[in-house]
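Structure, as structure tokens:
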Amino acid sequence: MKIRIILFTLLFSAYLVVDSLAQTMPLVYDVENTGADCPIPYLPSFSELPTINSLPDPFEWADGRGRISNFSDWRYRRAEIKAQIENYEIGVKPNRPDSITASYSDGTLTVNVTVNGQTLTLTSQVILPSGTGPFPAVIGMNSPSGSLPSDIFSSRNIAQIAFNHNQVTVYGNPKNTDPYYRLYPNLNVDNTGQYSAWAWGVSRIIDGLELLQNVLPIDLKHLAVTGCSYAGKLALFAGALDERIALTIAQESGGGGYTTWRYSEQINKTVSVETLGKTDYNWFKNSMRDFSNAVTKLPEDHHELMAMVAPRALLVTGNPDYAWLADESGYVGSKAAKEVWNALGVPDRFGYSIVGGHMHCAVPSSQIPEIEVFVDKFLLGNNTVNTGIATAPFSTDLSSWITWTTPTLSNGTSFFGRTSLVTPSNLQKNLTTNVTFNWTKVNDAAKYIIQLATDPAFTTIVKSDSTSTDTLINFSGLIDGKLYYWRVRVKNSVGQFGPWSDTWNFSTYIPLPEKPQIVSSAPYQNRAGYMTLTWNKSKYADQYIVQLADVQTFTYGVTSATTSDTVKTLSGINEGVKYYWRVQANNVNGPSSWSDVSNFVRIIAPTSLTAQKSAEREITLTWTDNSSVEAGYIIERMQNPQTSFAVVDTAAANANTFVDKNLDVNITYTYRTKAYTNLGESDYSNEASLVLVGVKQEEGIPAAYSLSQNYPNPFNPSTNIKFALPKSVFTKITLYDLLGREVQTFVNNNLEAGYHEINFNAGKLTSGVYLYRIQAGDFTETKKLVLLR
């Protein structure tokens with residue numbers, strides 16, 4: 001009995017310690033981003049990034065100065081992770097705009113956001129419980145409760161609010177004319193993914209709720225977000241990026257959600273899953289493709305995306321029946337992310353439930369109680385329930401993936417003395433090889449550490465020094481004509497480092513620039529009268545002078561300049577005229593010699609190239625062109641498994657069609673064409689692709705009718721369907737949705753007896769379950785297929 005009492009006392013004391021820590025960590029915050037004032041770390045370019053094979057340490061500072069040691073450090077570290085995810089994956093999520101208005105009427109919340117003279121309007125259905133409130137609320141992606149059963153919330157008097165993401169940017173077909181991208185001219189579908197835009201939209205819904213506190217009885221301290229599949233990713237990004245959200249439930253979010261990019265690559269070696277290279281790039285910024293074959297160069301991973309929710313509450317779910325979701329990767333990420341909640345003393349605020357035996361985005365009965373306890377605890381304040389949810393069928397060896405330990409954090413205050421640089425000022429030029437540096441003083445600083453390097457990532461440090469007396473250091477022996485980068489950080493008396501200052505650069509004395517070397521000249525497609533000129537960068541150049549004339553002596557013509565890079569676009573280039581051009585480099589000390597002279601003739605490329613099936617095993621190309629100088633057209637084709645174009649044939653100058661014959665079926669063909677004369681060739685037209693779907697017959701005659709299960713299944717974007725006909729018969733194969741509506745007809749004609757196979761490309765169809773049915777004589781059969789994007 002005495003031993004039991006001692007054990008109980010120890011366990012109870014441990015509980016009190018954890019509970020005491022939990023009291024110091026808020027469940028939710030009053031602002032969207034508590035780290036708005038935190039310093040942003042240097043964000044290296046792709047070529048500067050090191051390889052990290054294991055999951056990155058969520059507790060390690062981005063500048064390599066060590067690991068966080070205090071609870072208060074997490075705010076700063078979380079801001080670093082946010083900056084990395086925005087920079088390398090989704091694009092910047094703008095701050096709350098100044099001009100927001102909101103209204104509520106007849107069950108609809110309306111929020112108007114105005115930026116740069118453009119207005120975006122969000123309308124959300126709001127389902128309020130009976131009574132006066134204020135009510136906790138869940139914001140569901142595209143429906144009031146997302147994909148969760150609505151009675152989980154209605155039975156608990158929790159309001160339900162729908163977020164309609166297409167009002168921000170349209171799913172599956174984002175354009176720069178979408179409302180969100182019109183608000184921010186510097187953001188576009190290339191540099192800003194939809195998850196950044198959609199998460200911004202969820203935050204604006206919360207802004208509207210804040211503005212209507214006296215009208216709409218919502219408890220702003222108890223807000224949740226939820227969604228499933230791609231919308232589960234959205235819910236996770238929304239919860240990670242807005243700290244006013246108390247509870248995030250990310251349901252079956254798969255690749256790009258709670259799974260880790262690194263471990264998904266491991267799974268993909270044996271089964272196809274949604275990896276970084278296979279995900280939908282409408283959702284992410286295009287430059288993330290750089291990591292398609294190098295995910296280990298990402299400085300962050302999605303266990304850290306989940307960790308951004310901490311210390312608030314997060315529940316993630318998975319469905320291992322669907323291989324594409326890569327749920328073992330989600331399990332690995334969850335085990336890593338949980339350590340952040342453990343370190344912050346609130347392990348009860350994170351849970352994972354990975355359960356099979358049900359359709360995608362359907363909630364099995366065994367999972368409902370797990371969801372309900374998170375709702376009860378973090379929306380209703382019921383602290384008696386157990387949220388220690390850790391349900392998964394995996395027992396993965398994590399030793400090579402989680403190679404870091406969980407720190408024991410203290411309640412002390414971190415030393416974040418951050419100095420500002422003064423001289424040499426940023427972009428200063430033509431300094432001597434003996435340079436004096438100066439920065440602002442910081443109170444309680446024991447030492448200042450200064451670094452000098454030849455690259456902004458400081459991978460090549462040429463000088464490093466420290467001082468404790470003042471803010472001046474002299475570096476001698478620098479090299480003429482070299483660009484240098486410098487930064488400073490502070491160290492206090494107990495050995496703690498502050499973050500690095502901003503990075504500035506300067507250059508020592510610059511000689512005359514080198515002579516530029518011309519690379520090429522080429523027209524912009526579909527932009528009459530424009531020409532792009534390209535040359536190699538010249539050493540020591542600040543500016544390039546471009547001359548263009550239709551006489552080689554350059555006695556007259558056009559002279560223009562550029563400072564941005566080595567590409568110059570000129571307008572007013574006439575068709576069929578031979579132009580000569582040259583370029584000269586310049587800097588503060590004078591110009592280089594002129595480059596060699598190059599020449600070009602502008603020939604207009606064909607436009608509006610389209611490809612259509614015109615007969616069995618035939619594709620007809622059609623294009624338009626207003627050019628008057630072509631001698632003819634060159635037609636090029638690429639087909640699977642080829643990776644490059646090859647010339648197919650030529651067409652006469654007065655032609656605008658070409659028929660490609662005797663083609664194989666079930667292959668994707670991609671075409672392009674260009675015009676040519678004896679003076680040269682135009683740029684290529686747009687590319688046009690077509691899948692030439694047909695029936696593929698195997699040898700032998702089957703004994704009976706049959707329809708096989710499609711493979712692969714689930715699939716994205718194409719799958720194959722085999723069927724057998726014992727005799728020649730009129731055959732029809734049709735695709736239906738679950739409401740019985742006809743979606744597409746694959747086959748609708750008389751077929752010979754034998755084994756047949758068709759390839760189906762889902763095109764722009766949405767994810768879901770579909771039915772395909774064969775009718776051949778008196779034989780009919782129906783099977784299911786699953787499209788999982």
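The values are calculated or read from the model by the stated rules, or taken from the named source; none is laboratory data. It should be emphasised that the depicted structure is a prediction, and the values quoted were computed from it without experimental measurement. A quick note on method: Cβ atoms are made from the backbone with ideal geometry, for glycine too, and the neighbour counts reach across all protein chains shown. The area values use the complete protein model at the heavy-atom level, side chains included, leaving out ligands, DNA and RNA. Shrake-Rupley method; radii C 1.70, N 1.55, O 1.52, S 1.80 Å.
Summed over the residues of segment 264-365 and divided among them, the accessible surface reaches 27 Å² per residue at a probe radius of 1.4 Å. Using the rule -39500 (n - 2.57) for each DSSP H run of four or more residues, divided by the residues of the chain, the 222 nm mean residue ellipticity is -4500 deg cm²/dmol. Computed from phi, the 3J(HN,Hα) profile of segment 42-48 under the Karplus parametrisation 6.51, -1.76, 1.60 (θ = phi - 60°) reads 5, 10, x, 6, 4, 5, 8 Hz, with x in place of Gly and Pro.
Under the simplified labelling scheme, the residue 436-residue 468 pair shows an inter-label distance of 2.4 nm, with each label point 7 Å from Cα along Cα→Cβ. Of the listed values [x] 48, 46, 24; [y] 64, 38, 22; [z] 74, 39, 19, grab the one calculated as semi-axes √(5λ) of the Cα gyration tensor in Å from the structure here. Derived directly from the coordinates: [x].
The 3J(HN,Hα) values that the Karplus relation (6.51, -1.76, 1.60; θ = phi - 60°) gives for segment 154-169 are, in residue order, 5, 6, 10, 6, 10, 5, 10, 10, 8, 9, 9, 5, 5, 6, 9, 7 Hz. Gly and Pro appear as x. The distance separating the Cα centre of segment 415-467 from that of segment 720-780 comes to 69 Å. Computing FRET efficiency as 1/(1 + (r/R0)^6) for residue 578 and residue 780, where r is the C-beta to C-beta distance and R0 is 56 Å, gives about 0.25.
For residue 482, the lysines whose Cα comes closer than 26 Å to its Cα, not counting residues fewer than 8 places off in the same chain, are 429, 463, 515, 537, 539, 568. For the chain, the residue among 382, 576, 668 whose Cα projects farthest onto the positive side of the dipole built from Cβ charges is 382. Backbone geometry of segment 216-221 corresponds, through the Karplus equation with coefficients 6.51, -1.76 and 1.60 at θ = phi - 60°, to 3J(HN,Hα) couplings of 10, x, 10, 7, 6, 7 Hz, x marking Gly and Pro. Full extension of the chain segment joining residue 618 with residue 593 gains 3.4 nm, where the gain is 0.36 nm per residue of separation less the Cα-Cα distance.
Share of carbon and sulfur in the accessible area of segment 26-147 stands at 49%, probe radius 1.4 Å.
If a spin label sat at a point 7 angstrom from the Cα of residue 668 along the line to its beta carbon, the backbone N atoms of segment 734-772 nearer than 16 Å would be those of 759-765.
Surface composition of segment 352-442: carbon plus sulfur atoms hold 51% of the accessible area, using a 1.4 angstrom probe and ignoring ligands, DNA and RNA.
Taken about its Cα centre, the chain carries a charge dipole of about 860 debye when Lys and Arg each add +1 at the Cβ and Asp and Glu each add -1 at the Cβ. Taking the Cα centroid of segment 547-617 and of segment 157-210, what is the distance between the two, rounded to the nearest whole Å? Value for the Cα centre distance between the two parts: 40 Å.
Once the C-beta distance of residue 539 and residue 446 is scaled by a Förster radius of 30 Å, the resulting FRET efficiency is 0.10 to the nearest 0.05. Counted over the chain, the DSSP beta bridges are approximately 80% antiparallel.
Pull out a ≥ b ≥ c, the square roots of the eigenvalues of the alpha-carbon gyration tensor of segment 173-235, then state rounded if a/c is under 1.5, prolate if not and a/b is larger than b/c, and oblate in the remaining case. It is oblate, given that a/c is not under 1.5 and a/b is not larger than b/c. Ranked from largest to smallest solvent-accessible area, with a 1.4 Å probe on the protein heavy atoms, 168, 597, 551 come out as 597, 551, 168.
Applying D = kT/(6 pi eta Rh) to segment 348-463, where Rh is the Kirkwood radius over alpha-carbon pairs, T corresponds to 20 °C and eta to 1.002 mPa s, the Stokes-Einstein value obtained is 101 µm²/s. Length gained on full extension, residue 494 to residue 571: 21.5 nm, using 0.36 nm per residue less the C-alpha separation. Each Lys or Arg adds one and each Asp or Glu takes one away; over the other residues whose Cβ falls under 15 Å from the Cβ of residue 414, this sums to +2. Within 14 Å, Cβ to Cβ, of residue 424, how many net charges do the neighbouring residues add up to if Lys/Arg are +1 and Asp/Glu are -1? Result for the local shell: +3. Each peptide in 652-663, 775-786, 248-259 receives the mean, over its residues, of other Cβ atoms within 10 Å, and ordering these scores from highest gives 248-259, 775-786, 652-663.
Between residue 687 and residue 155, the simple spin-label model (points 7 angstrom out along Cα→Cβ) gives 5.2 nm. On a per residue basis, segment 509-588 carries 52 Å² of accessible surface, using protein heavy atoms and a 1.4 Å probe. Ordered from highest to lowest accessible area with the whole protein assembly present and a 1.4 Å probe, 203, 72 read as 72, 203.
Ordered by 1.4 Å accessible area with all protein chains kept, 300, 575 run largest first as 575, 300. Can you give the FRET efficiency to the nearest 0.05 for residue 640 and residue 722, using r as the Cβ-Cβ distance and R₀ = 22 Å? Efficiency for this residue pair is about 0.70.
Taking all protein chains as shown and a probe of 1.4 angstrom, residue 410 keeps an accessible surface of around 50 Å².
In this label model, residue 30 and residue 188 are separated by 4.1 nm, measuring between points 7 Å along each Cα→Cβ vector.
Among 366, 452, 430, whose Cα lies farthest out toward the positive end of the dipole of segment 339-458, if unit charges sit on the beta carbon of Lys, Arg (+1) and Asp, Glu (-1)? Comparing the listed Cα positions along the dipole, 430 ranks first.
When the listed pairs 727/784; 233/269; 269/783; 233/285 are checked against a 18 Å cut-off, the alpha-carbon distance exceeds it for 727/784; 233/269; 269/783. Rolling a 1.4 Å probe over the protein chains gives residue 535 an accessible area of about 0 Å². Potential lengthening of the chain between residue 365 and residue 51 amounts to 108.8 nm, from the contour at 0.36 nm per residue minus the alpha-carbon distance. For segment 644-789, the solvent-accessible area with a 1.4 angstrom probe is 51 square angstrom per residue. Could you please state how large a percent of the accessible area of segment 599-687 is carbon and sulfur, counting protein chains only and using a 1.4 Å probe? Heavy-atom surface of segment 599-687 belonging to carbon and sulfur, 1.4 Å probe: 42 percent.
Note on the chain: dipole from Cβ charges, positive end direction compared against 758, 594, 271; the farthest Cα belongs to 594. What you get for segment 680-789, charging only the Cβ of Lys and Arg (+1) and of Asp and Glu (-1), is a dipole of about 520 debye around the Cα centre. This model, with +1 at the C-beta of Lys and Arg and -1 at the C-beta of Asp and Glu, gives segment 411-556 a dipole about its Cα centre of some 220 debye. Other residues whose C-beta falls under 15 angstrom from the C-beta of residue 601 contribute a net charge of -2, scoring Lys and Arg +1 and Asp and Glu -1.
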